[in-house]
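The values are calculated or read from the model by the stated rules, or taken from the named source; none is laboratory data. Quantities reported herein were computed from a predicted structural model and do not represent experimental measurements. Neighbour counts are summed over all protein chains in view; Cβ atoms, including those assigned to glycine, are modelled from backbone coordinates with ideal geometry. The protein model used for the area step is the full one, side chains on, heavy atoms only, and it has no ligands, DNA or RNA in it. Shrake-Rupley method; radii C 1.70, N 1.55, O 1.52, S 1.80 Å.
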Amino acid sequence: MAVCARLCGVGQSGGCRRRGLEDGEEDEVRIEAGAVPAQSGPRGPRTLLQLPPEILVEIFSSLPGPELPSLAQVCRKFRQILNTDTIWKRRCKQEYGVCENLRKLEVTGVSCRDVYVKRINPRVKSGRFMKILPDYEHMEYRDVYTCLLHQYRHILGLWQPDIGPYGGLLNVVVDGLFIIGWMYLTPHDPHVDEPMRLKPVFRIHLMERKSATVECMYGHKGPHNGQIQIVKKDEFCTKCLQTDYHRMSGGRQEEFRTWLREDLGRTLEDIFHEHMQELILMKFIYICQYDNCLTYRRIYHPLSQPDDLLCPGFFKGTYGSHGLEIVMLSFHGTLAKVTKITGDPNVPACQQTLEIDLTRPVQLPDVEHLRNFDEMSRLVLDVQAQIHREQRLTGSDEEDGREVAAVRGEPGRPLLPVKRPEDKDANKVGAEENDEQEAPAHSFVLPDGVTARSEEYPRSCKMCFYGTGLIAGHGFSSPERTPGLFILFDEDRFGFIWLELKSFSLYSRMRDKFQRADAPSQEAFDEMLQNMQSWTT
């Protein structure tokens, strides 16, 4: 009630108190003397109840939605005011971005098959189509807020499905009057610069007042019954109640061909390599185990700092015969870490695929010498040997191979961060300073003998650093970190040359916008990153 008093202009010195009346008389909330309320008549209103209803509606519309139910317990007039749908419409818009009009709803993003269903009329030989849209005409924004948005607010944001080594990226968003879980699929290999593909996994909406309906979107027979259960903080699970909707008349073989065509953009005839056939078939068999029940764990978008080498975030990367995978780039002092969001049977999701030492720049030779793999390899291995020498001299064998910067007398951050696109909007003086600080472009070409999924990689780079990459045998057996070269091309692309594998991975930024995905603090993000590695170890 102190919040109400402040909104009414009473100030912090004023306060509200409730005085119960007997014999069914309405409760009265009075403002303590000493304040100067808005004038109404000779002396102005002396209680909140004397304010016009439209003023109370405006006040209550400015309060957080979760606080309104307790406010309704103050008195009957407050309860009546809180039945005004305008209040809840504003809360839906301000807290969850809902802009749709319940009374003039236009169905967008919903296929005709979802909107209409064919029903057979026994009196008529031909079938007829019946509309199966929710009864929005008799629904209120209060129902939408309390029974849908507020009830399922805990599952909004980014999540990683627990699909063994394969992982994934799920984004749960408010989409109109629906809550939809979108699974992000990488572009078809090897087109790493193309946008992500989205696939709905489940949706939640109100089919009738006071009751939210969960529908599984998996399969090819349309939405069907499902369940969502919040297991604990930052973890929930989905369950399909009609798995027959997932099956096809042609059996597993037809399901496999359809999955291969839609998810990988291939056919069996396109896959000639026997090892690749085994990997693809293994993935299909594994993920089919989870078409009934699946668990999701919350993940955060990495936080950004002004002196980061480039904006952290999610990227798509090429991983040889495993195809494209989703990774997350984050910065931790003098280290940059690249963590797998999706994975494979060798290095599973949640493991740290790359670690870059930002205090160890590598100066590339000219293009002709760079073509020589041995020359490029020598530069990287010289840095590795220097690290080992410094570790022996200092007697330090720090966690994750981190070096003591004081021994080298170098700063803990790179001197030349890449100029970001948002910096271009600065004033002229600032723009000139950024031009001076921007690292000059250097011609780049892959050394002979280094394999790449595509020859469409940038031919110039900003800077290079020493790094290590994680490799392992099947089933994440005998994992080890091997040296490599990190190449920063621009704000949205980087690459890594794996010396031992003689292969090149190209990473391109995901440009998708994520809501409710930022970590509450750097400590919370670091804790999540530490917990992730235990999920698939």
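Key figures
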item	result
Residue within region 282-294 that is farther than 30 Å from residue 226 by Cα and touching a Phe, Trp or Tyr at 6+ places or on another chain (Cβ under 7 Å) present	no
Of all residues making up region 487-537, the number that are small (Gly, Ala, Ser), at pLDDT below 95 and out of contact with any Gly (no Cβ under 7 Å at 6 or more places or on another chain)	4
Residue within region 269-281 that is open to solvent by 40 Å² or more (accessible area, probe 1.4 Å) and part of a strand (DSSP E or B) present	no
Any hit, region 314-325, residues being out of contact with any strand residue (DSSP E or B) (no Cβ under 6 Å at 6 or more places or on another chain), of a type outside the set (S, T, N, Q) and closer than 30 Å to residue 226 by Cα	no
Selected residue (criterion: modelled with the highest pLDDT) from residues of region 82-97 that are surrounded by fewer than 20 Cβ atoms within 10 Å (Cβ to Cβ) and among the β-branched types (Val, Ile, Thr)	86
Test: residue 181 is in contact with a Ser or Thr (Cβ under 6 Å, 6 or more places away or on another chain) and buried (at least 20 other Cβ atoms within 10 Å of the Cβ)	no
Some residue of region 475-486 being over 30 Å from residue 320 (Cα atoms), polar (S, T, N, Q) and either at pLDDT 90 or above or surrounded by 12 or more Cβ atoms within 10 Å (Cβ to Cβ) (or both)	no
Single residue of 334, 342 found to be open to solvent by 10 Å² or more (accessible area, probe 1.4 Å) and within 18 Å of the chain's Cα centre (by Cα)	342
Options 68, 63: the member that is open to solvent by less than 10 Å² (accessible area, probe 1.4 Å) and under 19 Å from residue 147 (Cα atoms)	68
Residue pairs meeting the criteria (Cβ under 7 Å; at least 6 apart or on separate chains; first over 15 Å from residue 461 (Cα atoms) and part of a strand (DSSP E or B), in region 504-518; second open to solvent by less than 10 Å² (accessible area, probe 1.4 Å) and at pLDDT 95 or above)	509/313; 509/315
Unmet criterion (only one of (1) surrounded by fewer than 17 Cβ atoms within 10 Å (Cβ to Cβ); (2) touching a residue at least 60 places away in the same chain (Cβ under 8 Å); (3) within 30 Å of residue 225 (Cα to Cα); (4) not small (Gly, Ala, Ser)) for residue 257	(2)
Residues of region 236-245 satisfying the condition of being touching a residue at least 40 places away in the same chain (Cβ under 8 Å) and open to solvent by 30 Å² or more (accessible area, probe 1.4 Å)	239, 243
Some residue of region 379-397 being closer than 21 Å to residue 472 by Cβ, modelled with pLDDT of 90 or more and surrounded by 14 or more Cβ atoms within 10 Å (Cβ to Cβ)	yes
Within region 298-327, considering residues that are on the phi > 0 side of the Ramachandran plot and more than 14 Å from the chain's Cα centre (by Cα), the one surrounded by the fewest Cβ atoms within 10 Å (Cβ to Cβ)	320
Selection status of residue 469, surrounded by 14 or more Cβ atoms within 10 Å (Cβ to Cβ), of a type outside the set (Lys, Arg) and free of Cβ contacts under 8 Å to residues at least 60 places away in the same chain	no
So residue 285, is it touching a helix residue (DSSP H, G or I) at 6+ places or on another chain (Cβ under 7 Å) and either surrounded by fewer than 16 Cβ atoms within 10 Å (Cβ to Cβ) or under 26 Å from residue 349 (Cβ atoms) (or both)	no
Total residues in region 288-297, condition open to solvent by 30 Å² or more (accessible area, probe 1.4 Å) and either within 25 Å of residue 528 (Cβ to Cβ) or of a type in the set (Val, Ile, Thr) (or both)	4
Top-ranked residue in region 158-178 [being out of contact with any helix residue (DSSP H, G or I) (no Cβ under 7 Å at 6 or more places or on another chain) and closer than 24 Å to residue 210 by Cα; ranked as least open to solvent (accessible area, probe 1.4 Å)]	176
Hits in region 260-291 - residues which are touching a Lys or Arg at 6+ places or on another chain (Cβ under 7 Å) and in contact (Cβ under 8 Å) with a residue 12 or more places away in the chain	260
